[in-house]
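Structure first, commentary second.
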């Protein structure tokens, strides 16, 4: 019982932390998304802070990453996509629950 109370007490702070993390991911993707052309011809899209003055007109970046770094950035992008989809589903469900009450009232008032 004590654990449930502790979880409930920190739920607000956990929610704020998640909003900050997802907001940071969104901001990172908006500001720093770029492409790399690998030696095997594969194009990798990821986002991380970098010096945009070196970007010029070429969307392909010249700085290098290890395979581990590329995997890490790809995982962050996947986390971002999953978070956005999860948030969209939560908003739709909340909207359906909120509006189902009005739909029920509408059905009651029909002849």
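Values as computed for the structure displayed
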read-out	value
Sorted by Cβ density within 10 Å, fewest first, the residues 7, 26	7, 26
Theoretical FRET efficiency, 1/(1+(r/R0)^6), r = Cβ-Cβ of residue 93 and residue 67, R0 35 Å, to 0.05	0.35
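Rule-based calculations on the coordinates, nothing more; no lab input. As the structure is a prediction and not an experimental result, all values here were calculated from the model. Counting neighbours? That spans all protein chains shown, and the Cβs are built from the backbone with ideal geometry, glycine included.
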